[in-house]
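Below: the structure, in structure tokens.
The values are calculated or read from the model by the stated rules, or taken from the named source; none is laboratory data. Only a predicted model underlies this, so the values are computations on that prediction, with no experimental measurement involved. Please note: Cβ atoms are built from the backbone with ideal geometry, for glycine as well, and neighbour counts cover all protein chains shown. In case anyone asks, the SASA skips ligands and DNA or RNA and just uses the protein heavy atoms, side chains included. Shrake-Rupley method; radii C 1.70, N 1.55, O 1.52, S 1.80 Å.
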Amino acid sequence: MDEQALLGLNPNADARYRQRAMAYFEQLKESQDAWEVCAEALAKGIYNDDHVKFFCFQVLEHQIKFRHAALSAAQQQLIRETLMKWLQCQLMNTQPEKPFIRNKAAQVLALTFIMEYLTMWPKFFFDILTLVGLNPHGVDIYLRTLMAIDAEVVDRDILHTPEETRRNTLIKDTMREQCIPSLVESWFQILQTYQLSHPELTCQCLEVVGAYVSWIDLNLIANDRFVNLLLSQMSVEELREEACDCLFEIVNKGMDPVDKTKLVESLCQVLQSAGFFNVEQEEDVDFLAKFSRLVNGMGQSLVLSWTKLAKAGNVKDAAETLQAVEAKVPLLLQLLVHEDDDISANIVGFCYEYLHVLKQLPQLTDQQKTNIEAVMLAVMKKLTYDDEYNFENEGEDEAMFVEYRKQLKMLLDRLAQVSPELLLEAVRRVFTNTMQSWQTAPFMEVEVAIRLLYMLGEALPASHGAHFSGDTAKTSALQDMMRTLVSCGVSSYQHSSVSLEFFETVVRYDKFFIVEPQHIPNVLMTFLDQRGLRHNSPKVRSRVAYLFSRFIKTLHKHMNAFIEEILTRIQDLLELAPPENGFPALLTSDDQLFMFETAGVLIVNSECPVERKQALMRSLLTPLMDAFRLLLAKLPQETETERQAALADCLSHAVGFARKHRACALHHHPGRRGLPRPHRSENLLHHPVQAGGAVG
């Protein structure tokens, strides 16, 4: 081999050597027989350098993947012999190769298997198992090869051509006929032999079993001998997480519903007797997350079995399966309410499916109603923020909790479908109790109480948001809670999450104020003072600017008595903030757009004469136009590019504000006639702004 070129394989080599190595790689790949030197190097273990070994496997991989059909029978035989000789060397080495080399070797073995198993190498697994026996280094390569074969032949995430799909199906069919029982026996021997001495090999083997169980005969795995071994490994600390995953794959295997129920019940019986159902005594949260996923899989499998049996009219077996589902509910609740959100999130699927079963039953038992209430309480508890949530700098943990909250919302929606009366009463109870003592309650309790009221709006849907007409019990409860929300003073709570939830809920139920308009003045003040648009949190101010515009759009007919006061109070929020004043504006330019739109809606829909509307429009736009002219005059005098860009940006915002205001007036005016139109010379929309280009 070109020793100079091989120097370029080292990551620290200079560019000249690396280029030479790349050229050599291309030469070996495309040559009819030059690649054979790589085969020889691997078979004889000529090189100790890991990068050279990896390079040789890459050259071999290319031949198998892209040129296999063009190789002579002797060359194909050379590849087989090379791989087996390399594997034999591994058995004698005191130290295993680096993981990246073992993985590449497994990929090359898997590719060779795919190309030759059906034709030239039907004894592929027999040869490998005969060679490696129970040698740990050999077993490691064998297991990695099985996972590489799974990735190439079975993995559904990899797209295959129709021809490859047919080939893969034929490979699996042939393996089932010829070698799967032998492979399963080898797995059992590996699991039994190495569970104490080589936990990493045992975990690898459990991963293989989990991967293959989806398409092999389940009876080979789901038998007393194998399952008892797996269950025993659930008690070994280094193995139990992988054993959990393996059992999960077994449970997920498609099978007859009656057989599935028997399998799940037998597993549960052993797990329960071994103490695994005592969740509160387990301190290892990583294991509990895996265990929760396993219970979720068992629960969903039972629900699927019940669905099939009920649909088939098999009353007796369906009833037994439903009883099996119900028996898992106490465990489900323990996991759902667990303080670790990952553990809780992993059981949500089973909980959702269980509620779906209850929804289909003609009548609920007292125990089932108790279960529903327990799920409600668990969901309400888990919706609550913890002390560590960072509201000022939300990162990955916070994003995960937001996603988890979405899962809980799905449960709440499903609870509403099963028993809307129970949900409404539970939320009302929590909300009322919290609002009675909000001054002394922690922020997370206050926030979640308001959040639950907000979530009822989607859980108990109403046409076009008409939550306050129709069903008397529902409208009465919602009205009572909204009345409490806007009158108890909770809007003054000093936490941004509570402030945001308050305004979101007020706007979600804005039609409440049509029914009880006497609360509008107080809520308007909440929007306009330090609780809303002047809050110390920019996040709250920004969101409130948008929510206020929505609130006004819905209730503009009820705003006549307050228009001038509102406009006076928001006047300073509409000012153009020039870049040189050095003071940060309360609202961003995007927020100000909403405020101009709000002002436009108020003026246009007011009942005052056209002349008064025109005066109000002018009072809003004149300061904007004055600031615009001033900045426009400064623009040509500026020499610094950054200052020019800042001024041009500010001018562009001014044009945007005016455009938004005018568009709003055109859109919202009844009949769209008699509009107060600014004089052309005062119209910002006709000002070209130049700063090396037009802005607007």
Linear extension gain, S214 paired with A23, 0.36 nm per residue minus alpha-carbon span:
64.4 nm
Mind checking the angle between helix 348-360 and the chain's longest principal axis? C-alpha axes, 0 to 90 degrees, to the nearest 10.
70 degrees
So if I take the centroid of the Cα atoms in the stretch 269-296 and the same for the stretch 312-359, what is the distance between those two points in Å?
15 Å
Once fully extended, how much extra length lies between I46 and D590, figured as 0.36 nm per residue of separation less the alpha-carbon to alpha-carbon distance?
189.1 nm
For percent of Cα pairs over 52 Å apart, which listed value, (i) 9; (ii) 40; (iii) 25, comes from the coordinates shown?
(ii)
State the number of lysine pairs found in the stretch 31-158 whose Cα atoms come within less than 13 Å, restricting to pairs 8 or more positions apart or on distinct chains.
4
Mind checking the stretch 311-369 for GluC sites (Glu not before Pro) that DSSP puts in a loop (not H, G, I, E or B) and that have at most 12 other Cβ atoms within 10 Å?
E339
When the accessible area of the chain is computed with all protein chains present and a 1.4 Å probe, what percentage of it is carbon and sulfur?
51 percent
Quick check for you: with a 1.4 Å probe and neighbouring chains kept, what is the accessible area per residue of the chain, in Å²?
48 Å²
Between H68 and L134, the FRET efficiency computed from the C-beta separation at R0 = 51 Å comes out, to the nearest 0.05, as 0.95
Using the beta-carbon distance between R225 and R176 and R0 = 25 Å, what value does 1/(1 + (r/R0)^6) give for FRET efficiency, to the nearest 0.05?
0.80
Rounded to two decimals, what ratio of Rg to Rh does the stretch 410-558 give with C-alpha atoms and a Kirkwood Rh?
0.95
State which entries of K406/K511; K369/K409; K29/K172; K172/K406 exceed 28 angstrom in Cα-Cα distance in the structure shown.
K29/K172; K172/K406
Which of the aspartates and glutamates could be linked to K381 by a straight reach, that is with a Cα gap under 14 Å, when you skip same-chain ones fewer than 8 residues away?
E339, D340, D341, E373, E445, E447
Return the FRET efficiency for the residue pair L377, Q32: r is the Cβ-Cβ distance, R0 is 45 Å, and the value is rounded to the nearest 0.05.
0.05
Using packing as a proxy for protection, rank 436-444, 219-227, 530-538, 384-392 so that the peptide with the highest average count of other Cβ atoms within 10 Å comes first.
530-538, 219-227, 436-444, 384-392
Mind checking which aspartates and glutamates have their Cα closer than 18 Å to the Cα of K260? Skip sequence neighbours fewer than 8 apart in that chain.
D217, D224, D245, E249, D317, E320, E326, E353
Using only helices, what value at 222 nm comes out for the chain when you add -39,500 (n - 2.57) per DSSP H run of length 4 or more and divide by the total residues, to the nearest 500 deg cm²/dmol?
-22500 deg cm²/dmol
By a straight-distance test (C-alpha under 13 Å), which aspartates and glutamates pair with K553 as possible cross-link partners, with residues fewer than eight away in the same chain excluded?
D510, E597
K85 to L364: extension gain in nm, 0.36 nm per residue of separation minus the Cα-Cα distance?
93.7 nm
Divide, for the stretch 31-158, the radius of gyration over alpha carbons by 2.2 N^0.38 Å, where N is the residue count.
0.99
Length-normalised contact order of the chain, Cα under 8 Å, at least 6 apart, in percent, tallies to 5 percent
When all Cα-Cα pair distances of the stretch 42-88 are considered, the percent exceeding 16 Å is 40 percent
